[in-house]
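The values are calculated or read from the model by the stated rules, or taken from the named source; none is laboratory data. Values in this document were obtained by computation on a predicted structure and should not be read as measured data. Positions of Cβ are backbone-derived with ideal geometry, glycine not excepted, and every protein chain shown enters the neighbour counts.
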Amino acid sequence: MKLIVGLGNPGFRYRNTRHNIGFRIVAEISKRYKIAVNKKKYNALFGFGTICGENAILFMPQAYMNLSGDSVREIMKKKGISSSDLLVIYDDIDLKFGSMRLREKGRSAGHKGLGSVIDLLGTSEFSRLKVGIGREIKPDDTSEFVLKAFDSGEKKHLKKIVEISADCVVSWVENGTSAAMALFNREHL
């Protein structure tokens, strides 16, 4: 069973922010594979389904971003999911908008949502998909930047980025991390 986690913040206020790109990608996969993400447990919204013949859980923690790890740890424990079957999708401020990087493991690089998952699982040995939300000039207040909506130029390309990111997740499920990395680790605009 694969666990695909999209990180974001719950609530209408945050729905269209850069920080919620993980939720958008899970929603795209949900739509493609007709997996309703409407069950409520583990302080999350989730749904069960099949992607490319593989059983999968689409999962969106409903604690705020920085507390995501508790929900992820709980469902992994209850469902007996190993870290090798986990993929976490999140925004990366240091990657150019339109870029993505799939990795098999690594540090949080300051991303507090991913850091929460690493801390509460006690390992960084799981796949993650970083989706670039980019910035030209580093703002003094990173949290202000990630909690803003995409600008009009970015919005023109956002649907494409979400779709390509979902393609990457499907490739991860079907072919594994290395094969998906070879296809998707680049700029897509």
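Observations
- Residues (over 12 Å from Ile4 (Cβ atoms), surrounded by fewer than 23 Cβ atoms within 10 Å (Cβ to Cβ) and small (Gly, Ala, Ser)) located in region 45-68: Gly53, Ala63
- Spans of helices (runs of 4 or more DSSP H) in region 90-189 with at least 2 residues more than 17 Å from Phe23 (Cα to Cα) and either touching a residue at least 60 places away in the same chain (Cβ under 8 Å) or in contact with a His (Cβ under 8 Å, 6 or more places away or on another chain) (or both): 152-175, 177-184
- Among the criteria (1) closer than 20 Å to Tyr14 by Cα; (2) buried (at least 20 other Cβ atoms within 10 Å of the Cβ), the one Phe150 does not fulfil is (2).
- Hits in region 90-118 - residues which are in contact with a helix residue (DSSP H, G or I) (Cβ under 8 Å, 6 or more places away or on another chain), of a type in the set (A, V, I, L, M) and farther than 16 Å from Asp70 by Cα: Ile93, Met100, Leu102
- If you go through region 9-58 and keep only what is in contact with a helix residue (DSSP H, G or I) (Cβ under 6 Å, 6 or more places away or on another chain) and over 22 Å from Lys77 (Cβ atoms), you end up with Asn9, Tyr14, Arg18, His19, Asn20, Arg24, Ile25, Glu28, Ile29, Ile51, Cys52.
- Residue list for region 153-182, filter: touching a Leu at 6+ places or on another chain (Cβ under 7 Å) and crowded, with 16+ Cβ neighbours inside 10 Å: Ser165, Cys168, Val169, Ser171, Trp172, Thr177, Ala180, Met181
- Here Ser84 clears all of (1) assigned to a helix (DSSP H, G or I); (2) touching a helix residue (DSSP H, G or I) at 6+ places or on another chain (Cβ under 9 Å) except the condition numbered (2).
- Flag for Lys155 being under 21 Å from Ala27 (Cβ atoms), at pLDDT below 95 and charged (D, E, K, R): yes
- Meets criteria (under 24 Å from Arg32 (Cβ atoms), without any contact (Cβ under 8 Å) to a residue 40 or more places away in the chain and of a type outside the set (Phe, Trp, Tyr)) for Lys77: no
- Annotation note: Cβ proximity below 6 Å between a residue of region 15-43 that is on the phi > 0 side of the Ramachandran plot and a residue that is polar (S, T, N, Q) and surrounded by fewer than 23 Cβ atoms within 10 Å (Cβ to Cβ) (sequence gap 6+ or interchain) occurs for Asn43/Gln62.
- Applying the condition of being at pLDDT 95 or above, more than 18 Å from Val26 (Cβ to Cβ) and not polar (S, T, N, Q) to region 106-137 and asking which residue is surrounded by the fewest Cβ atoms within 10 Å (Cβ to Cβ) yields Gly122.
- Any hit, region 82-94, residues being surrounded by fewer than 22 Cβ atoms within 10 Å (Cβ to Cβ) and within 16 Å of Glu163 (Cα to Cα): no
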